[in-house]
1. Would you mind getting me the FRET efficiency between Ala268 and Asp317? Use the beta-carbon distance for r and R0 = 22 Å, nearest 0.05.
2. Using a 10 Å cut-off around each Cβ, can you sort Asp48, Asp154, Asp121 from fewest to most neighbouring Cβ atoms?
3. Three principal axis extents, largest first, for the C-alpha atoms of the range 282-385, in Å?
4. Pop a pseudo-label 7 angstrom from the Cα along the beta-carbon direction at both Ser346 and Ala291 and give the gap in nm to one decimal.
5. Given a Förster distance of 22 angstrom, what is the FRET efficiency for Ala282 paired with Ser80, based on the Cβ-Cβ distance and rounded to 0.05?
6. Among Glu181, Glu33, which comes first, then next, by fewest other beta-carbon atoms within 10 Å?
7. Taking other Cβ within 10 Å of each residue's Cβ, how do Asp124, Asp16, Asp279 sort, fewest first?
Amino acid sequence: MHTLTRQTFSTSREMDFFSQKELETQTGHGRHEWPFVIIKELVDNALDACEEHDIAPEITITADAQGITVSDNGPGLPDSTLRGACDFTVRCSSREMYIAPDRGAQGNALMTLLSMPRVLDKDDGKFIVECHGVRHVITCDADPITQRARVSDDQSESGVTQGTAVRIQWEQREDDDGDIEWPFALRQREGWSWVNKILRDRFWEMALSFAFFNPHATIIVRWFDEEDVQFDATDPTWVKWKPNKPTSPHWYKLEHLERLIAAYITRARDTGQDRTVADFIAEFDGLKSNAKRKRILDETGLARVYLSGLTDGDQLDHPRINSLLASMKAHSKEVGPRRLGVIGESHFRKRCEQIGYEADSFRYDRNLLFDDGIPCVVETMFAFRGENVSDERFFVGGVNWSAGVDNPFKSVGADGLGSILRDQRISSREPVIFAVHLAKARVEYRDRGKTQIILNGSEPPEDDK
């Protein structure tokens with residue numbers, strides 16, 4: 001009998017970024033929503049970069065026939081970050097392993113954007129970065145045989161010496177009538193004028209959402225040749241928990257701290273630069289002092305021990321790490337919700353003034369609470385825009401000062417926000433503004449699509465209310 005001896009083949013995981021199907025899985029959004037994924041990820045990065053250097057963010061979102069550009073006034077994208085993102089064999093992130101109220105913590109956002117241009121336009125798609133006086137024109141795709149990433153970085157001189165400008169670019173397209181077409185799977189049967197309005201309105205809404213949640217930021221939208229839409233900062237000195245601020249041991253469970261320690265150990269094996277447990281402890285909020293560190297080290301017996309010593313054979317030493325976490329918590333104070341950052345009623349009211357509202361309809365509510373020991377700030381705002389306003393209901397939902405591509409509060413409680421609004425006889429056609437923002441040190445979701453936030457809060461200490 002003729003038989004087949006099957007071979008075992010290995011395929012590269014780098015292909016996870018080089019097809020529409022895989023990118024939709026990576027981003028959690030269909031191709032028609034990618035323009036807003038681009039805005040979200042790039043604006044998140046721009047805000048973080050500015051905050052880390054105490055710069056009041058000024059961010060411009062530009063759309064034209066050949067692409068989308070997001071530029072900022074920050075310190076400029078580090079070359080090491082760009083090089084790391086171009087390596088599709090690993091995931092590079094300064095957020096993913098830490099537990100903190102970060103805007104993003106997935107570690108693959110820049111990778112998805114790097115590969116997106118060639119998925120949109122396989123011949124002319126480009127990812128362009130300008131910073132530090134250098135223009136990077138990056139093209140990347142996958143070798144069809146080896147399924148490995150092929151990355152080209154063509155560098156030249158740039159006039160951008162301050163801040164960063166990132167552009168997703170494709171070749172200009174026109175339909176049979178000479179109207180512009182974007183390379184996204186949008187319904188275009190009614191022509192570009194229809195698509196133009198849908199996209200323009202969504203661009204405006206995304207920019208406004210970020211402006212609602214960031215009092216210190218100025219957000220500008222440039223849509224083709226139309227007049228700029230600008231949302232000025234209401235408080236350039238406003239502060240929140242910054243991305244470079246130490247994290248609190250109270251935000252970690254054992255599995256979280258073990259994951260962080262394992263990452264440090266792996267890095268030490270690659271670089272040969274191990275660090276002591278004492279130095280590791282000093283990175284956490286409230287544990288910088290030598291006296292506190294000494295008490296923790298004495299209690300746990302970890303004085304003069306390196307992180308690589310927190311292993312038991314080829315496994316992490318769970319009991320010792322658990323003891324370390326318990327001692328770190330015992331010798332540090334919990335972070336109150338207020339320290340995360342409160343957007344505030346004044347800012348929300350000023351944003352409503354920018355787009356028009358009836359002052360006597362304005363309502364604002366704030367709740368400071370703990371959820372399983374994790375500090376949270378929940379802020380809600382409602383306003384009626386007026387009888388003569390034709391716009392539909394504008395819902396603004398955000399988590400940790402970032403706007404969602406979709407509503408991140410699709411299910412809160414048993415009925416969800418949509419039901420709450422319907423119970424108040426507020427239909428989707430009503431010209432109202434309804435904003436909900438959650439700041440939380442550790443955000444968890446009920447589903448992989450991150451559409452249902454888990455929030456079962458309790459009251460904070462009296463002195464933090």
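1. 0.90
2. Numbers: Asp48 21, Asp154 11, Asp121 18.
Ranked by crowding around the Cβ, least crowded first: Asp154, Asp121, Asp48.
3. Dimensions of the range 282-385 along the principal axes of its Cα atoms: 65, 31, 21 Å.
4. Output for this residue pair reads 3.7 nm.
5. Values: r = 24 Å, r/R0 = 1.07.
The pair Ala282/Ser80 has a calculated efficiency of 0.40.
6. Glu181, Glu33
7. On the way: Asp124 15, Asp16 18, Asp279 12.
Listing Asp124, Asp16, Asp279 from fewest to most nearby Cβ atoms yields Asp279, Asp124, Asp16.
All of the numbers you see were taken from the coordinates with simple rules; none came from a lab. The model shown is predicted, which means the values in this text are computed figures rather than measured ones. Virtual Cβ from ideal backbone geometry, glycine too; neighbours counted across all protein chains shown.
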